[in-house]
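What follows is a single structure, written as structure tokens, with notes after it.
Read-outs: derived from the displayed coordinates by stated rules, not from any lab. Quick caveat: nothing in here was measured; it's all calculated off a predicted structure. A quick note on method: Cβ atoms are made from the backbone with ideal geometry, for glycine too, and the neighbour counts reach across all protein chains shown.
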Amino acid sequence: MTRLLAAITLSLSIVLTILVTIVCSVPIIIAGMVKLLLPVPGVWRKVSIFCNFMMYCWCASLAMLLRLNPHLQWDVEGLEGLSKKNWYLLICNHRSWADIVVLCVLFRKHIPMNKYFLKQQLAWVPFIGLACWALDMPFMKRYSRSYLLRHPEQRGKDVETTRRSCEKFRRYPTTIVNFVEGSRFTNEKRRQTHSPYLYLLPPKAAGIAMALNVLGSQFDKLLNITLCYPDNDRRPFYDMLSGRLTRIVVRVQLEPIHKELHGDYINDKLFKRRFQRWLNTLWDKKDREIERIKASCKNAGQ
């Protein structure tokens, strides 16, 4: 693809994505105002159903935009056995903003609409915060270690926020998505965090531990998703918008949720260490899976 064609494609993609987002988000924002003004359970349920439908429309529109790229190939394994009637906790490695688009587009017909853990600061962003609240996105407030050393009374409050956010999901099938690395992977962040992995940052367990503790046995399965862009590893989101993205590899692993994964992550140090070891084991396997994907794609291209 020539630079001129890529630039034209990038401009059109940005314009179309913004238009689609506006068309789908304005009704959600209006519904959020109704939800804010009428705090009645019956109204809230109907607002949630409507907002989920509008988010589905947004995902379907993004899928149509991706289909405009004739070079894009999907390599997906593991979608069998998924259902929109189940509760899922979805964890995924985080490489790019493209990850959110991929998860929305790929799973929109297979599982309940995705609910993403969001930073608490987003709740106060005009329009965006209201839309996310109307969509029942769980907000998580995180404190740095240095802040907690200065304010020990705040310890555990970030996890309590997660607990309150998750309570609402008892009423209807939900998919809670958590990028457990807490940030998009870069080689610089890998060095800063002294990550033991080649392609991942160290996973943070607090969010999913609290989600499992609150919803307990209500989760049917844990979806362990591995994403990789083997041909566009450097800037997949930019390449997606400019029509240069050529391959998206997704591996879906259905993991059982054993009773041993339910416990008090805040106060039980033994459980906390056990849970972190379990998550680290998943991350070890994920790192090796990404290495296999990259090696396979490299060999196929030779």
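Observations
- Taking every DSSP bridge with both residues inside the chain, close to 25 percent are antiparallel.
- Protection proxy ranking for 104-110, 214-220, using the average of other Cβ atoms within 10 Å per residue and placing the highest first: 104-110, 214-220.
- Computed with the Debye formula from one identical point scatterer per Cα of the chain, without solvent, the log10 of I(q)/I(0) at q = 0.09 Å⁻¹ comes to -0.47.
- Pair R191, E260: separation of 7 Å Cα→Cβ label points (nm): 3.8
- Set K204/K286; K35/K119; K109/K294 screened for pairs whose C-alpha atoms are more than 25 Å apart: K109/K294
- Full extension of the segment from L38 to K294, taken as 0.36 nm per residue of separation minus the current Cα-Cα distance, would add 87.0 nm.
- Calculated [222 nm] ellipticity per residue, helices only, for the chain: -16500 deg cm²/dmol; basis is -39500 (n - 2.57) per DSSP H run with n ≥ 4, divided by all residues, nearest 500.
- Segment Y147..R235, full-extension length gain: 28.4 nm, with 0.36 nm per residue of separation and the alpha-carbon distance subtracted.
- Mean separation of Cα contacts under 8 Å (6+ apart) over length of the chain, as relative contact order %: 24
- Shape category assigned to the range 83-149 from the gyration tensor of Cα positions, a/c cut at 1.5: prolate
- For the chain, Cys with no neighbouring Cys Cβ under 4.7 Å: C24, C51, C57, C92, C132, C166, C228, C297
- Only helices reaching 15 angstrom along their own axis (Cα) with mean Kyte-Doolittle hydropathy no lower than 1.6 count here, and for the DSSP H runs of the chain these are 3-37.
- Compared with the alpha-carbon gap, the fully stretched path from W124 to L72 is longer by 15.1 nm at 0.36 nm per residue.
- Between L16 and K168, the C-beta separation translates, for a Förster distance of 35 Å, into a calculated FRET efficiency of about 0.60.
- Gyration tensor verdict on the range 161-211 (Cα atoms; rounded if a/c is under 1.5, prolate if a/b is larger than b/c, oblate otherwise): prolate
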